[in-house]
Structures are given as C-alpha cells and as structure tokens.
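First up is the structure itself, then whatever we jot down about it.
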Amino acid sequence: MSVTAAIPQEVRNAVADLLAEYGMALDQDRLEDWASLFTDDCDYRVISRENEEQNLPNVMIWCDNRAMLLDRIESYRHVNEYNLHWDRHVIGLPRHFGQVDGLWQVEASYSAFQTDLEGATRLFSVGRYRMGLLMVSGIARIRSAVVVADTGLIPTLLATPL
Amino acid sequence: MGFQVDWERSDYSRIPHWLYHDEAVYRLEMERIFRGPLWHYLCLEAEVPNPGDFRTTWVGDTSVVVSRDRGGDLHAWVNRCSHRGATIVRKVQGNATDHVCIYHRWCYSPNGDLTGIPFRRGLKGEGGMPADFSPASVAPSKLRLANFHGVLFGTFAETCESIEDFLGEFGTSMIRRFMHKPIRILGYSRQLIHGNWKLYAENLRDTYHASLLHEFFVTYGVDRATQRGGVKMDARHRHNMNHAYAASDTQEEARAAYAGTAGVELDRMRLRDQKLLQYIPEFEDGMNLAAPTFFPSSIIIQINNTLGTRHIRPKGVDQLEVFQTLFGYEDDTPEMTRHRLVLANLVGPAGLVSMEDGEAIEIAHRTSASAPAGSSSVVEMGGRGPLRDLAHRVTETPIRGFWSYWSELMGVEPEGGVR
C-alpha cells in the first residue's frame, strides 16, 4: 500500500478532524457549520448505489456550489416539513487514495440513525462517502463529496443531509 | 366474500378510516383491483431496449418480469417458479437468454415459458417426472401487455377494455405528449412510506394540499394555486390530471390569496442560486406542471423540466414504496441533461417540493389507525355530490372519483353511488 503510506500524517489528522466535525455538525443540528466544511465551488451529491451500479446519473440531492447547500439548509429550516427527529452519524475510518489534481481522495463508510422525539431509533441509511479534499493551511475542506447510499429505499423522506 | 362498507354518503365525501387499516380489505384489493379487469403500469419500454433485456416490477404485491425476447417482442409474466413458488428472477434488471430458478434449476425463456426441468426423464432410467407431465400446463401466469407509445401496461384479466379506452382522452394525449420522441432513462429513486397505498393514491388526486403542504412551491413560485390551471378527470372519474401553466399569475395575486394562511409566507426568502427555479419551455402546450394520474397507482409527472413516472407499490396494508423513474430525451444536449438532474433536487425522497408527502401520509396513517369505529375522513373541498372537472385546483373531487371506481371494482358501491 505505497499510496497509503505516502499520506502525510498532517493530512491524515486533518481528514480525521474533518470527518468527525462532519458527523457531529449534522447530528447537533449545526447545518450551517456543516456547510462551512465545503469550499465555495464544492460539489455535493447524494446518489443511490442502485443508480451508480447501472451507470445512471440520477441524483437525490445535487448542489454544485456552496450557495446551493445554504439554500437547501434554509429551505429545511424555514420551508420544508419533515419527520421530526435527531440524527446520528457513525463514520468509519477513512481510506486514503493519495492526491489527484491537488485533491486528497478519501472514502469512508457511514451509518445514519434517526431517533424520533419519543426516543425510538431506526437505522436510516448506510453507505459510503467519496470525497475530494483540499488542504488549506493545515485544514481539510471538501471540494467534492458523493454520498453513495446503499439504502436507496429512503425510509419516509430525506431532509437533513447525509 | 361478505365484505361491506358502511358508507355514510353516496358521494364519497366521507371515507371510513378503517378502509386504510384492514388486512382483509388489502387482500381483496390485490385480487379485485391489482389482479382485476384494468390496466396497470409496469415500466417504460426504454428500460428494456434490447433482446434479452428484463426488469422486475410489481403489480400490487405480485412480482412481475418484463422482458424482451430474441425477436424483439415484449412479455410480462409472474416471477414465481411453477415448481415451488420461489422467486425466479432475483435481480432488478439485466439481460439474459433465459431465466433459471436457483432452487431446482427450472428454466424459463424470456417470454415466460417453462423450457427446462432438470432430470425430467430421470437418471439412467430411474425417477424423473411422469411421462404425461405437461410443462405448459404449469407455466407462470402471463399478463397481457400493452405498449402505449413506450409506456408499458399489463393486466391479468383475459378480457377488459382496450388500453386506449382505459386511459381515456387526456390519458392517451398526455402519454403521446411525454413520449413524442425517444426518451433516455436518467435513473431511479425509491421511498418507503409507512402508510396504506391508498393514502398516496389520494395524495396524487388532492391538489388542495399541493400549495399548502409543499411550501417550497409557493414560497419560490414554482407552483401556486393562483396560477392558471385545473383538474381534469376521465369520464369514469378514476384518473385525473393536475396541470398548471408557467408564469400565469403575479406575485401580487399570490400574496393576496395566501394572506393570513398560517405557515405560508411569500417574499420571505430568495434562493441564492436561482437555477432550481429555471424553466426551459419544452412543450407546445405551455404547461410547466402536468401530472396525468392513472388508477390505481401510477402517474407521469412534469414539474418544470423534471420528467418522470411514479409507481406506487403496496408493501402490505401499512407500507408503500414510491418508485420513481426519471427520464429526459435522447436528443437532450449535455446542458439540458445537467439541468434536468439539477432540477431532480425538487422531486423524489429528498425533493424540495415533494419530501413532505412522506411525512403527511405517515401521520395520517398513524393516528387514523386508532380512530373509533364509524369515524371517517372529510372530503368536501371542491363540493359534494356529482363529480365535476374544475378550472381551479382548490379541490379534492378526484379523491371522491378514486373511491367511486374503487368501490365499483371492490363490489361495494353504496345505493345511488356517484360515478
């Protein structure tokens, strides 16, 4: 695994910090903080594994810049109705693939649980993050994130980002 | 079967809550509606373009294989092995020269014929099936298939009205509209809603909720009740079509109409990125919202430049899957394909204008379950009595039309029931 061995420790640390904040920001309803983990020219997509394996381009969510992420958050905050719940993301260890076009390539598995306001928890989604990260002054920022959801059959609806 | 409904009113303006929660009703629906004398959406022809291509779909709770044979003809047959009732085709889609049940390797052709039984003649003269065993006599049930301009429908009934008569005037003309040139499949989305399938069927016929529940529509002006549009039904009032014309109201009209409506505020916000709201005119009729809905469980829907079908798949009395197929056209430019995909943000399980349906149906299902005997839903928006088309969209009349045809098929029409 020479590619993996070549990943500088500071990059590994920055990616671990990023993924930890990514999950906690979502789970603590700090969606604006979550959006600040992305670059202005980011690309964020949620797709299903079913579509990916059939090479079909359909998306559940596609924001091709950070303004669209903020629009979605604002819509979620003020416009949309959804099942009231708390989120919990459990993100696995990142797998590093080195650098391509200046972006550090990383994959990590996730599980996302939802708990309703009476405390009942269900497994909501499992899948994989595929990210291209930019290192800026020792901090990792997301230039591209594709959430490939194994759970293509979305229970109820998908409101808070994965 | 001794199945009766205690209709309060013969115009279906009251719907008993128990009809959404009763296992026996559900089983009877599978028999009398989904295996009954009408046509059911299967999939799109563009999903099975080549010889050997297949897809599995559902008619009610029955798994059905749609496949194209070597000669190019399309077939639909029940995905259940003749031998022990096991699932034959376990994949969602693919291409195969034949289909083999893994249990005892019984083999089926793309047209659903039983073509191979291992050890049928026995082994070294011992065992095997009786000499007079007839594979044809036990082959999987086949559906009659109708390909209407690239939209595939199937029926278990040996005789029923033609697909043209079933779809009716706007049904046939709207399918021709959507399928006027070769389409390209963009992909799928799936949503599991914990509610009875009829709640979703009603939701598709309830234009009253659209601009109230789906606040994104109103806030950002994608669709408002003040736009020119309306609701059409077919002669039997079993199908309906919600439609609206782009840019046919003003912000002032909308502001006046929604003044005082709790939870709905116009002009509060503006999208930072406006491309979600961009509509590129692409149909001569000028509609930016067109949604022909077919009894019992399918819809073709245009919201601006997103085009797709939605298929309601009942998954037991308490659950349904919404299976959505998004498409564009083969001659779309790369920019148009990108635009359609960006607008996919509006629809589907995470759709900014559609996500609420999942929650609305779940809360309606959850608490109507415990309603006391004799309690019912109130369906009077748009009027009581006869079923009429309306040149506006503040109506639930198509819901009453749904129940009228449901009652006919289920054999429970009330005395003097409207049709």
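Let me spell it out: the conditions are (1) in contact (Cβ under 8 Å) with a residue 40 or more places away in the chain; (2) out of contact with any Gly (no Cβ under 7 Å at 6 or more places or on another chain); (3) over 22 Å from B:Leu28 (Cα atoms); (4) not in a loop (DSSP other than H, G, I, E, B), and B:Tyr405 meets all of them except one. Which number is the exception?
B:Tyr405 satisfies all of (1) in contact (Cβ under 8 Å) with a residue 40 or more places away in the chain; (2) out of contact with any Gly (no Cβ under 7 Å at 6 or more places or on another chain); (3) over 22 Å from B:Leu28 (Cα atoms); (4) not in a loop (DSSP other than H, G, I, E, B) except (3).
Against the condition more than 14 Å from chain A (Cβ to nearest Cβ), more than 30 Å from A:Glu53 (Cβ to Cβ) and part of a helix (DSSP H, G or I), how does B:Ala210 come out, does it pass?
Against the criterion (more than 14 Å from chain A (Cβ to nearest Cβ), more than 30 Å from A:Glu53 (Cβ to Cβ) and part of a helix (DSSP H, G or I)), B:Ala210 does not qualify.
State all residues of the range B:288-315 that are part of a loop (DSSP other than H, G, I, E, B), more than 14 Å from chain A (Cβ to nearest Cβ) and closer than 21 Å to A:Ile154 by Cβ; if no residue qualifies, say none.
Within the range B:288-315, B:Ser297 is the sole residue that qualifies.
Please report, ordered by residue number, the strands (runs of 3 or more DSSP E) entirely within the range B:80-199 with at least 3 residues that are buried (at least 21 other Cβ atoms within 10 Å of the Cβ), away from every other protein chain (no Cβ under 14 Å) and among the hydrophobic types (A, V, I, L, M, F, W, C).
Once the strands (runs of 3 or more DSSP E) in the range B:80-199 are filtered for at least 3 residues that are buried (at least 21 other Cβ atoms within 10 Å of the Cβ), away from every other protein chain (no Cβ under 14 Å) and among the hydrophobic types (A, V, I, L, M, F, W, C), what remains is B:151-155.
Condition first: under 21 Å from B:Gly416 (Cα atoms) and not hydrophobic (A, V, I, L, M, F, W, C). Now tell me which residues in the range B:370-389 satisfy that.
Selection gives B:Gly374, B:Ser376, B:Ser377, B:Glu380, B:Gly382, B:Gly383, B:Arg384, B:Gly385, B:Pro386, B:Arg388, B:Asp389.
Going through A:Ala149, A:Ala108, A:Ala112 one at a time, which residue ends up being touching a Phe, Trp or Tyr at 6+ places or on another chain (Cβ under 6 Å) and within 14 Å of chain B (Cβ to nearest Cβ)?
Exactly one of A:Ala149, A:Ala108, A:Ala112 is touching a Phe, Trp or Tyr at 6+ places or on another chain (Cβ under 6 Å) and within 14 Å of chain B (Cβ to nearest Cβ), namely A:Ala112.
Filter the range A:39-76 down to the residues that are of a type in the set (Lys, Arg) and facing chain B (nearest Cβ under 10 Å), then identify the one that is surrounded by the most Cβ atoms within 10 Å (Cβ to Cβ).
Checked the range A:39-76; the qualifying residue surrounded by the most Cβ atoms within 10 Å (Cβ to Cβ) is A:Arg72.
Out of the residues in the range B:326-344 that are exposed (fewer than 15 other Cβ atoms within 10 Å of the Cβ) and out of contact with any strand residue (DSSP E or B) (no Cβ under 6 Å at 6 or more places or on another chain), which is nearest to the other protein chains (Cβ to nearest Cβ)?
Only one residue fits best here, namely B:Pro334.
Say whether the condition of being surrounded by fewer than 20 Cβ atoms within 10 Å (Cβ to Cβ) and within 14 Å of chain B (Cβ to nearest Cβ) is met by at least one residue in the range A:124-145.
No - not one qualifying residue is present in the range A:124-145.
Of the residues A:Leu93, A:Leu158, A:Leu84, only one is within 12 Å of chain B (Cβ to nearest Cβ) and either over 26 Å from B:Gly348 (Cα atoms) or buried (at least 17 other Cβ atoms within 10 Å of the Cβ) (or both); which?
A:Leu158
Considering only residues that are among the aromatic types (Phe, Trp, Tyr) and either more than 22 Å from A:Asn13 (Cβ to Cβ) or under 15 Å from the mean Cα position of the chain (by Cα) (or both), which ones fall in the range A:86-141?
Within the range A:86-141, A:Trp86, A:Tyr110, A:Phe113, A:Phe124, A:Tyr129 meet the criteria.
Within the range B:367-375, identify whether any single residue is on the phi > 0 side of the Ramachandran plot and more than 14 Å from every other protein chain (Cβ to nearest Cβ), and answer yes or no.
yes
From the list B:Gly60, B:Gly72, which residue is out of contact with any helix residue (DSSP H, G or I) (no Cβ under 8 Å at 6 or more places or on another chain) and assigned by TED's automatic domain parsing to the domain that holds B:Ser141?
B:Gly72
Give me the pairs: first residue in the range B:371-396 and assigned by TED's automatic domain parsing to the domain that holds B:Ser211 and over 16 Å from B:His17 (Cα atoms), second residue surrounded by 15 or more Cβ atoms within 10 Å (Cβ to Cβ) and among the aromatic types (Phe, Trp, Tyr), beta-carbon distance under 9 Å, and six or more apart or on different chains, which are they?
B:Met381/B:Tyr208; B:Gly382/B:Tyr208; B:Leu387/B:Tyr12; B:Arg393/B:Tyr208; B:Val394/B:Tyr208; B:Thr395/B:Tyr208; B:Glu396/B:Tyr208
Tell me, yes or no, whether the range A:91-105 has at least one residue that is among the small types (Gly, Ala, Ser), under 28 Å from B:Phe216 (Cβ atoms) and free of Cβ contacts under 8 Å to residues at least 60 places away in the same chain.
Checked against the condition, which is being among the small types (Gly, Ala, Ser), under 28 Å from B:Phe216 (Cβ atoms) and free of Cβ contacts under 8 Å to residues at least 60 places away in the same chain, the range A:91-105 yields no hits at all.
The values are calculated or read from the model by the stated rules, or taken from the named source; none is laboratory data. Note that the structure is predicted; figures quoted are calculated from it, not measured. A quick note on method: Cβ atoms are made from the backbone with ideal geometry, for glycine too, and the neighbour counts reach across all protein chains shown.
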